[in-house]
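Here the structure is laid out as structure tokens; the discussion comes afterwards.
The values are calculated or read from the model by the stated rules, or taken from the named source; none is laboratory data. What you are looking at is a predicted structure, and each value in this text was computed from that prediction instead of being measured. Every residue, glycine among them, receives a Cβ derived from its backbone with ideal geometry; neighbour counts consider all protein chains shown.
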């Protein structure tokens, strides 16, 4: 079945450095992908919509210069956390709809746990 | 704007007892509704979804949910809880962009 993968699953970085997280759709193309972050014991908060071939759409309150999103191909979106700080430590999850925009079948990646020291 | 409210951040039930997790939604358009389960340190797994048609939706692991438009509710139920059901459950609304509720942690008592 359709699967979304994320890499890495865990990453530890030092404050001030940048970290890139990859989200890949396997066996299907995704013109749109979504990035969420989840703080411990909290819900998923939508950060941005990643659009292949165009700029990402960020939710209110999300710094686009800090969380850089690049939808490089129909199967790959990347989230780069720039100049990471401890408060950026979180669980980052991506998702992709199985069909083009307007569908309701989404698949979620297994998540990436980022720890900034 | 769409939103979801889950009543009860923690629910405890005895093994074998009925599971009921409550979810109310707000949507200006006919909603697509979902229940997801998340096990510790893992991603989300879709339990079931409502889009159109039959209002009683059956999902995996014996769960089901009923869409009640008049009550703007989409409560999740399972007749008999199993220890393996212990997890975090999220109700969600949306189509392209999915908006999640705050989640309910289900505890199963032996």
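Out of the residues in segment B:45-56 that are more than 14 Å from chain A (Cβ to nearest Cβ) and touching a strand residue (DSSP E or B) at 6+ places or on another chain (Cβ under 6 Å), state the one that is modelled with the highest pLDDT. That would be B:56.
Suppose the filter is crowded, with 22+ Cβ neighbours inside 10 Å and either within 15 Å of the chain's Cα centre (by Cα) or closer than 30 Å to residue B:6 by Cβ (or both); does residue A:25 pass it? Yes; evaluated as a whole, the condition is true for this residue. Within segment A:19-38, residues that are on the phi > 0 side of the Ramachandran plot and touching a residue at least 12 places away in the same chain (Cβ under 8 Å) sit with their Cβ atoms under 7 Å from residues that are surrounded by fewer than 22 Cβ atoms within 10 Å (Cβ to Cβ) and in a strand (DSSP E or B), at 6+ positions apart or across chains, in these pairs: A:27/A:3.
The set of residues from segment B:27-51 being more than 24 Å from residue A:5 (Cα to Cα) and over 15 Å from the mean Cα position of the chain (by Cα) comprises B:27, B:28, B:29, B:30. Any residue at all in segment B:35-44 that is out of contact with any strand residue (DSSP E or B) (no Cβ under 6 Å at 6 or more places or on another chain), more than 13 Å from chain A (Cβ to nearest Cβ) and in a loop (DSSP other than H, G, I, E, B)? No, the conditions are met nowhere in segment B:35-44. Only one residue in B:81, B:54 is in a loop (DSSP other than H, G, I, E, B), buried (at least 20 other Cβ atoms within 10 Å of the Cβ) and more than 13 Å from the chain's Cα centre (by Cα), so which one is that? Of the residues listed, the single one that is in a loop (DSSP other than H, G, I, E, B), buried (at least 20 other Cβ atoms within 10 Å of the Cβ) and more than 13 Å from the chain's Cα centre (by Cα) is B:81. Filtering segment A:66-86 to residues that are out of contact with any strand residue (DSSP E or B) (no Cβ under 6 Å at 6 or more places or on another chain) and modelled with pLDDT under 95 leaves A:72, A:73, A:74.
Of all residues assigned to segment A:94-112, at least one qualifies as being surrounded by 19 or more Cβ atoms within 10 Å (Cβ to Cβ), under 16 Å from residue A:17 (Cβ atoms) and within 14 Å of chain B (Cβ to nearest Cβ). On the stretch given as segment B:60-70, residues that are assigned to a loop (DSSP other than H, G, I, E, B) and at pLDDT below 95 total 2. Taking the criterion of being within 30 Å of residue B:7 (Cβ to Cβ), within 15 Å of the chain's Cα centre (by Cα) and away from chain B (no Cβ under 11 Å), the only residue of segment A:48-66 that qualifies is A:62.
Taking the criterion of being within 12 Å of chain A (Cβ to nearest Cβ) and at positive phi, no residue of segment B:5-34 qualifies. Among the numbered conditions (1) exposed (fewer than 13 other Cβ atoms within 10 Å of the Cβ); (2) within 14 Å of another protein chain (Cβ to nearest Cβ), the only one that residue A:3 does not meet is (1). Filtered by the rule that a residue be more than 14 Å from chain A (Cβ to nearest Cβ), within 13 Å of the chain's Cα centre (by Cα) and at negative phi, segment B:57-78 gives B:58, B:63, B:64, B:65, B:66, B:73, B:75, B:76, B:77, B:78.
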